[in-house]
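Bear in mind these aren't lab numbers, they're just calculated from the coordinates by the rules spelled out. All figures in this text were calculated on a predicted structure; none of them were measured in a lab. Here the Cβ is made from the backbone with ideal geometry for all residues, glycine too, and neighbour counts use every protein chain on show.
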Amino acid sequence: MKRKSLLISLIFLLTILVLSACAGNVESPPEENSDMEQESDSMEEGMDHSSMDDDAIENGHMSHDEVVSLNGSTGENELKIPPLLESDNEEEVVYTVRAQEGETEIFDGTNTKTYGYNGSFLGPVLQFEEGDTVKIRTINELDEETTFHWHGLEVSGEEDGGPHNSLKPGEEELIEFEVTQEASTLWFHPHPEGKTSEQVYNGLAGLIYIEDDNSKSLGLPNEYGKNDIPLIFQDKTFDDQKQLNYSAAMNDDGTIGDTSLVNGTLNPKLTVGKEKVRLRLLNGSNARNYTFKLNTGDSFVQVATDGGFLNKPVTLDEITLTPSERAEIIIDFSQLNSEDGLALINEEDGSILLPFEVSGQSGEDSSIPEEMNDISITEEEMNLPVTKNVELFGMMDMVTINGKKFDPERIDFTQDQGVTEVWEIYNKPDMMGGMIHPFHIHGAQFKILSRNGEEPPENERGWKDSISIEPDETVKIAIQFKQKGVYMFHCHILEHEDNGMMGQVKVE
Ligand code: C2O
Ligand code: CU
Ligand code: CU
């Protein structure tokens, strides 16, 4: 694996050298580009593709085509619903969150070594309300360093849990912050420098729900575990012993697994009533993109993005989420014919992610309000000049942002607290075409102003903290930080992040 990636890196370097030699410029005309593609293709063919790792590279992002397919769910296990974490104290919101090791029976009769928060695998749901003062006692019970990062939460750099907030084995830290943002579905995961991907892969991930007056008055389905369902989608590879062997499965360009887990459940199914059901989708995988779709082709309605409700519900046939993106969708099971079996599938490979069993019981007859939020892009924001440029480039372990790899000692950008700036993010293609990079910024929710100069699609006109960027695509966002501190921005393909596709913005 190591030698393979070295070889690929070498080819990559060589090709760049040749390219700049004959074009004098990396922005070569299309003709030369296709030449280069052919050349690298034939070089690839010269390699031996016998081992599984090679296949993973071939089928992964290297060839920019097919990604290894997921084994679809047989539906034999009822979906696990993560517990809601209870506050330690009645008067205040005080939580204890422990990162720990454990064993989990993912496969019947076998224990798999896993990581989890307050349990052996994944974590509970933390519930906040806008305006709450929250205290969290974070405890590292692992044998290695970790951090507790609150993805999407607008907290100061001190509380954010980035690589600078590392806890050694046995250490704990009490953090405290105020919840200043609107209702949304966020999540938490570790962020230690260079080790994020492995720790998330082993099971460290949990959800955060924020509620506010608006969310409580909209009348959307909100019975937890019944018609308001958290869904963490992940793909993993298990070895012969049914263990997660990260170093064997690891791919520098993003670890893709062949086994689909939803909330850590293998072969899950979800039993629902004949009613509207709200699904809170999180792509919690290291690298895989999911395009969620109903097997019947029926449409559903998206009500929320990463950081809050959309202004209006958006009807969709499918939705793509890249790693770390969330969406809340509502499926109306009272309107669907379930005789031939309903399931959520991954359009990318046709695999069944989550079969639904629709019970005869009809539930509440709720409706989705036409007005849910009022987020808009102001004239002023539209006319702001671009003040930060971010260029994403590379693949495998050759990934960079603005030509540089992460350096914890280097501040890449500064921005004033409470001031909106426009960032322009460009995904620069390589000679193999390039790949999608999901770009994420800590400590803030932002608005997408444009994609390649065009208005973003309707279902992206809401608060976002992560955004999928296609090769050669330019995205403009308006972002304001409410708090101060040093925040990471990075590609959320976790191996890219660990390989240095990350920078730091200091807000003061
Ligand atoms: Cu999901 Cu840097 O985080
Ligand atoms: Cu984050
Ligand atoms: Cu990336």
When the convex hull of the Cα atoms of segment 228-362 is projected onto a plane and the area is averaged over all directions, what value comes out in nm²?
8.9 nm²
Could you list which residues have their amide H under 5 Å from that of GLN127, counting only those 5 or more apart in sequence or on another chain, with H placed in the peptide plane?
LEU85, TYR209
Could you state the number of Å between the C-alpha centres of segment 72-126 and segment 375-418?
35 Å
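Mind putting a number on the dipole of the chain about its Cα centre? Charges go on the C-beta only, +1 for Lys and Arg and -1 for Asp and Glu, and I need it in Debye to the nearest 20.
On the way: 36 positive and 100 negative charges, 99 e Å.
The calculated dipole for the chain is roughly 480 debye.
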Going residue by residue through segment 92-104, the Karplus relation 6.51 cos²θ - 1.76 cosθ + 1.60 with θ = phi - 60° gives ³J(HN,Hα) values, rounded to whole Hz and with x marking Gly or Pro, of 10, 8, 10, 10, 10, 10, 10, 8, 9, 9, x, 10, 10
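Using the Cα atoms as the points, what is the convex hull volume per residue of segment 402-480 in Å³?
On the way: hull volume 8.3 nm³, N = 79.
Looking at segment 402-480, the number lands at 105 Å³ per residue.
Nothing charged except the Cβ atoms of Lys and Arg (+1) and of Asp and Glu (-1): what's the magnitude of the dipole of segment 80-215 about its Cα centre? Round to the nearest 20 debye.
On the way: 7 positive and 31 negative charges, 144 e Å.
Dipole magnitude for segment 80-215 comes out near 700 debye.
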Quick one: if you take sqrt(5λ) for each eigenvalue of the C-alpha gyration tensor of segment 159-318, what semi-axes come out, biggest first, whole angstrom?
29, 24, 14
A correct Kirkwood calculation over the Cα atoms of the chain returns a hydrodynamic radius in Å of 23.4 Å
Please list, in chain and number order, the residues 5+ apart from LEU153 or on another chain whose amide H is under 5 Å from its amide H, with Hs placed from the backbone.
GLY443
Under Karplus coefficients 6.51, -1.76 and 1.60, residue-wise ³J(HN,Hα) of segment 495-508 in Hz, glycine/proline x
5, 5, 4, 5, 7, x, 7, 8, x, 10, 10, 9, 9, 9
Less than 17 Å apart at the alpha-carbon level, and either on another chain or at least 8 residues along: which lysines does that give for LYS476?
LYS388, LYS428, LYS447, LYS464
Show me, for segment 386-399, the HN-Hα J-couplings you get by feeding each phi into the Karplus relation (A = 6.51, B = -1.76, C = 1.60, θ = phi - 60°), rounded to Hz, glycine and proline as x.
6, 10, 9, 10, 10, 10, 8, 8, x, 7, 6, 9, 9, 8
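Once you charge only the Cβ atoms, +1 for Lys and Arg and -1 for Asp and Glu, what is the size of the charge dipole of segment 228-362 about its Cα centre, to the nearest 20 debye? Each step should come with its number before you reach the end.
Working: 11 positive and 21 negative charges, 102 e Å.
Magnitude of the dipole: close to 480 debye.
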Would you count, across segment 143-242, every pair of lysines whose alpha carbons are under 29 angstrom apart, provided the pair is eight or more residues apart or spans two chains?
7
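Mind ranking 193-200, 90-97 by how tightly packed they are, going by the mean number of other C-beta atoms within 10 angstrom, highest first? Numbers along the way, then the final one.
Values: 193-200: 20.8, 90-97: 14.2.
Ranked from most to least packed, the peptides come out as 193-200, 90-97.
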Where the Cα atoms of segment 303-459 are projected onto their three principal axes, how long is each span, largest first, in whole Å?
59, 39, 30
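In the chain, what % of DSSP beta bridges are antiparallel (nearest 5)? Walk me through the numbers before you get to the answer.
Working: 85 of 122 bridges.
Antiparallel: roughly 70 percent of the beta bridges in the chain.
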With the dipole of the chain worked out from charges on the C-beta (+1 for Lys and Arg, -1 for Asp and Glu) around the Cα centre, which of GLY462, SER299, GLN415 lies farthest toward the positive end?
GLN415
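Let me have the relative contact order for segment 228-362, percent, based on Cα pairs under 8 Å that are six or more residues apart. Let's see the in-between values first.
Numbers: 298 pairs, mean separation 38.8, N = 135.
Averaging sequence separation for qualifying contacts and normalising by length gives 29 percent for segment 228-362.
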Quick check on segment 105-247: take the gyration tensor over C-alpha atoms, sort the square-rooted eigenvalues as a ≥ b ≥ c, and tell me if it's rounded (a/c under 1.5), prolate or oblate.
oblate
Length-normalised contact order of segment 80-215, Cα under 8 Å, at least 6 apart, in percent, tallies to 27 percent
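Calculate how many DSSP beta bridges within segment 80-215 are antiparallel, expressed in % of all such bridges and rounded to the nearest 5. Walk me through the numbers on the way to the answer.
Values: 22 of 35 bridges.
DSSP beta bridges in segment 80-215 are roughly 65 percent antiparallel.
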What does segment 329-380 give for Rg and for Dmax, in Å, if only its C-alpha atoms count?
16.8, 52
Taking the alpha-carbon set of segment 170-241, what are its Rg and Dmax in Å?
16.6, 50
Listed residue (HIS149, PRO83, VAL200) projecting farthest to the positive dipole end of segment 80-215, Cβ model
VAL200
